[in-house]
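S.K.: Pasting a structure here, questions to come.
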């Protein structure tokens, strides 16, 4: 997929709330409920006060990021693999 802003190739990854650290992060490694990607493998997008985001610990979206211009695009809805397995039962 190409960036609509600068035409560079977009990198596929995940946009997620890292409530433990109070940040919105992007990573090529999918975070799980039990384990977040290592800090060196993620990009901090935004800092926030974690108190205001309690209950959103599992917010996760598949996202695409342009390393050249910084554009991030993400899917409105994304089902975690663990939730997909639970729905099939």
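The values are calculated or read from the model by the stated rules, or taken from the named source; none is laboratory data. This is a predicted model, so every value here is computed, not measured. Note: ideal-geometry Cβ built from the backbone for every residue, glycine included; neighbour counts use all protein chains shown.
S.K.: So is residue 50 at pLDDT below 90 and surrounded by 15 or more Cβ atoms within 10 Å (Cβ to Cβ) or not?
M.R.: Yes: the conditions hold for residue 50.
S.K.: I want to confirm something. Restricting to the stretch 3-21 and keeping residues that are modelled with pLDDT under 85 and over 20 Å from residue 76 (Cα atoms), which single residue is surrounded by the fewest Cβ atoms within 10 Å (Cβ to Cβ)?
M.R.: So the first thing to find is which residues in the stretch 3-21 are modelled with pLDDT under 85, and the list is 18-21.
Remaining after also requiring over 20 Å from residue 76 (Cα atoms): 20-21.
Values: 20: 9, 21: 15.
Restricting to residues being modelled with pLDDT under 85 and over 20 Å from residue 76 (Cα atoms), the top hit is 20.
S.K.: Being in contact (Cβ under 8 Å) with a residue 12 or more places away in the chain and out of contact with any helix residue (DSSP H, G or I) (no Cβ under 9 Å at 6 or more places or on another chain) is the filter; apply it to the stretch 24-36 and report the residue that is farthest from residue 76 (Cα to Cα).
M.R.: In this case the residue turns out to be 36.
S.K.: Also, I was wondering about something else. For the stretch 3-31, enumerate the residues that are within 17 Å of residue 47 (Cα to Cα) and not in a strand (DSSP E or B).
M.R.: Listed by number, the residues that qualify are 19, 20, 21, 22.
S.K.: Within the stretch 53-74, which residues are assigned to a loop (DSSP other than H, G, I, E, B) and at pLDDT below 80?
M.R.: Those that are assigned to a loop (DSSP other than H, G, I, E, B) and at pLDDT below 80: 54, 55, 56, 57, 58.
S.K.: What is the residue count in the stretch 5-20 for residues that are in contact with a strand residue (DSSP E or B) (Cβ under 9 Å, 6 or more places away or on another chain) and within 18 Å of residue 61 (Cβ to Cβ)?
M.R.: The qualifying residues number 9.
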